[in-house]
Structures are given as structure tokens and as C-alpha cells.
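Heads up, the thing below is written out as C-alpha cells.
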Amino acid sequence: SGRQTMGVLLFQDLAVVPCLILLPALAAPGENLGPALAQAFAQATLMLVALIWLGQRLMQRVYDAVSSIRSTELFILATLWIIVALAWLTDYAGLSLALGAFVGGMLISETRYRHQVEADVQPFRDVLLGLFFVTVGMRLDVVFMAGNLAYLALAVALLMGGKSLVVLLVTLAARSPIDVALRTTGQLAQAGEFGLVLIGLAYTLHLIGAEAFQLTLSAMLLSMF
């Protein structure tokens, strides 16, 4: 069940990429939706190909040069600037900041310094993850939750029940034993952190209204809780 759960979670992370491309395009006016989608995917394809093709050639050289100075502070700063620069590039291309950061992590993982980077950014990761959930909590409207308990309970039940049913059917179709299928179902029934990113982006782009955002956000957080 652990292998199946990790496989799905990793694939979810990869599936975020087309979603981060799709949402800004969906914010275009209705009559321009088709061209906007085509343009977004063309931009994303060109940007990702350029970043990955150049990144694989440059990233190792950059880290070789930085590590030769033998400065821990410079190594950490180089990592942070690489991620910030890639996030800015994707945002400048009309995509999203999160997509650039995601690609940056993928490129760094292909270098021989990936374990050192992971160890160095551990404190930043913990702090920023805490800040991320603080900002999510600040967007939560407790008054709205209290006034819509019935809808909220239904949303949580549909979310967790729907995910559980899909995962159970998929694991059984993969001929997993029933105990493995049930454990995998339990581990994947809740919403994920990237879902909070996507729903927040959709609200920022005015693709959903305030009530739909609050209901969805509340249901996702309760499922995780």
C-alpha cells in the first residue's frame, strides 16, 4: 500500500503541471477560450522544453562552480536564486510562479548535488510550509463554515467518499489484495496540498466565486484534518 500511495502522490505532483498551465488560460474571455488554451499550451511547451534542455546543461556547471568555492552560504543562496529566477521566468511567460519552482526542483534533482540541496533547504522548507498553511488558514471564513455546516458535511463526504471509491476500484482492478486496497484507499482519501494551491489560483483568477471557494477550501482542509 505504501508503494501504491507514493506512486499516486508522485503522479499527482506531475499532474499539477498541466493544471497550472490550464487555469490561467481558462481565465480568458469565453470567446477567446480556444485560442487562449492553444497559446497557453504552446507557451508552456516551449518554456518547459527550453528550461529543461538548457537547465540540464547549465545546472550541473553552476553547482560545480559554486561548490568549488566551498561556501555553505553561497550554495544555499545559489539554490534559492535558481528557484526564484525560474519562477519569475514562468510567471513572465504568462504561466505561474509555482510551475517555475516545480521545474527548478526537477532540474536540481538531476544533479549530483541533490542530496546536499535537500539537506540545506530543509529549514526553509519547514518554515515556508508553515507559512503556506498559515496563509491558507487566514483565507478560511469560520463564520461561513458555521453557517453552512450541512453543505460542508456533504462536501467532505462527497470528496472523501468519491476519492475512496475511485482509489478502491483502481487498486482492485490492479489485482491488489483487499487489505492492501483498503489501506491505499485510506491513505489517499483526503485532499492534497497542491489542491489548495490550485483552488487558490482559481479563486485569484476569478474562475470561481467566493462561496464556492470557501466551501471547497473548507472541505479540503477538513478532509486533511
> Roughly how many Å is it from the Cα centre of region 1-76 to that of region 140-194, as a whole number?
Replying inline: 28
>> Using the Karplus curve 6.51 cos²θ - 1.76 cosθ + 1.60 with θ = phi - 60°, what ³J(HN,Hα) values do you get for each residue of region 97-111, in whole Hz, with x for Gly and Pro?
In response: 4, 4, 5, x, 5, 4, 4, x, x, 4, 5, 5, 5, 8, 8
>> How much accessible area per residue does the chain have, counting only protein heavy atoms and a probe of 1.4 Å, in square angstrom?
In response: 61
> If the chain between residue 157 and residue 118 were fully stretched, how many nm would it gain, using 0.36 nm times the residue separation less the Cα-Cα distance?
Replying inline: 10.4 nm
> Label points 7 Å out from Cα along the Cβ direction at residue 224 and residue 169: separation in nm?
Replying inline: 2.7
> Using a ≥ b ≥ c from the Cα gyration tensor of the chain (square roots of the eigenvalues), is it rounded, prolate or oblate, where a/c under 1.5 gives rounded and otherwise the larger of a/b and b/c decides, a/b for prolate?
Replying inline: prolate
> For region 95-225, what does the alpha-carbon gyration tensor say about shape, rounded, prolate or oblate, given a ≥ b ≥ c as the root eigenvalues, a/c under 1.5 as rounded, and a/b over b/c as prolate?
Replying inline: oblate
> How large is the charge dipole for the chain, taken about the Cα centre, if only the Cβ atoms of Lys, Arg (+1) and Asp, Glu (-1) carry charge, to the nearest 20 debye?
Replying inline: 500
>> Using a Förster radius of 22 Å, what is the FRET efficiency between residue 139 and residue 88 based on their Cβ-Cβ separation? Nearest 0.05, please.
In response: 0.35
>> Please report the net charge: other residues with Cβ closer than 14 Å to the Cβ of residue 121, K and R +1, D and E -1.
In response: -2
> Once the dipole of the chain is set up with Lys and Arg at +1 and Asp and Glu at -1 on Cβ about the Cα centre, which of 60, 75, 86 lies farthest towards its positive end?
Replying inline: 60
> Taking only DSSP H segments of four or more residues, each worth -39500 (n - 2.57), what value at 222 nm results for the chain once the sum is divided by all its residues, to the nearest 500 deg cm²/dmol?
Replying inline: -28500 deg cm²/dmol
>> Given a 1.4 angstrom probe, I'd like the percentage of the accessible area of the chain that is carbon and sulfur, rounded to a whole number.
In response: 71
> Using the Cα gyration tensor of region 43-132, with a ≥ b ≥ c the square roots of its eigenvalues, what is the shape: rounded (a/c below 1.5), prolate (a/b larger than b/c) or oblate (neither)?
Replying inline: oblate
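The values are calculated or read from the model by the stated rules, or taken from the named source; none is laboratory data. For clarity, every value in this text was computed on a predicted model and none was experimentally measured. Glycine also receives a Cβ, built like all others from the backbone with ideal geometry; neighbour counts cover every protein chain displayed. Remember, those area values only see protein heavy atoms, side chains included, never the ligands or the DNA or RNA. Shrake-Rupley method; radii C 1.70, N 1.55, O 1.52, S 1.80 Å.
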